[in-house]
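Report on the following structure.
The values are calculated or read from the model by the stated rules, or taken from the named source; none is laboratory data. In this text, all values refer to a predicted model and were calculated from it rather than measured experimentally. No Cβ is skipped: glycine too gets one built from the backbone with ideal geometry, and neighbour counts run over all protein chains shown. Heavy atoms of the whole protein, side chains included, go into the accessibility calculation; ligands, DNA and RNA do not. Shrake-Rupley method; radii C 1.70, N 1.55, O 1.52, S 1.80 Å.
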Amino acid sequence: MSSSIPLNQLLPGEEAVLINLSGTEQARRLAELGFLPGTRITCILRKKNGETSAFDLRGSMIALRKEDSSGILVHRAEEARLI
């Protein structure tokens, strides 16, 4: 069984499937932007300090701070295929 990880742990080029928006104060706003369960997300880039990352979400590039992306739970894409 695969385990969920916070979105901020993805490295550039890795894909994931969103599971849940947990513990984030901005969950409603993120949902409005398309962060919904089952959505595929790709990490596009990550600053060296890891404080900001950019993600491809349905063809849009969205940058998030580490504190915001830490509350978004995902399965890495290769693990999600096994579920």
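Pairs needed: first member in the range 4-21, over 16 Å from GLY38 (Cβ atoms); second member anywhere, assigned to a helix (DSSP H, G or I) and open to solvent by less than 70 Å² (accessible area, probe 1.4 Å); C-beta distance under 6 Å; at least 6 residues apart or different chains.
ASN8/SER69
May I ask you to list the residues in the range 28-69 that are in contact with a strand residue (DSSP E or B) (Cβ under 8 Å, 6 or more places away or on another chain), open to solvent by less than 100 Å² (accessible area, probe 1.4 Å) and among the charged types (D, E, K, R)?
Residues satisfying the conditions are ARG46, GLU51, ASP56, LYS66.
Please go through the range 70-79 and give me each residue that is crowded, with 18+ Cβ neighbours inside 10 Å and modelled with pLDDT under 90, ordered by number.
Scanning the range 70-79 gives a single hit, GLY71.
Report, ordered by the first and then the second residue, all pairs with beta carbons closer than 7 Å, sequence separation of six or more or different chains, a first member in the range 34-53 that is among the charged types (D, E, K, R), and a second member that is at pLDDT 95 or above.
From the range 34-53, the pairs are ARG40/GLU15; ARG40/VAL17; ARG46/PRO12; ARG46/SER53.
Quick one: in the range 1-27, which of the residues that are under 14 Å from SER70 (Cα atoms) and among the polar types (S, T, N, Q) is surrounded by the fewest Cβ atoms within 10 Å (Cβ to Cβ)?
SER22
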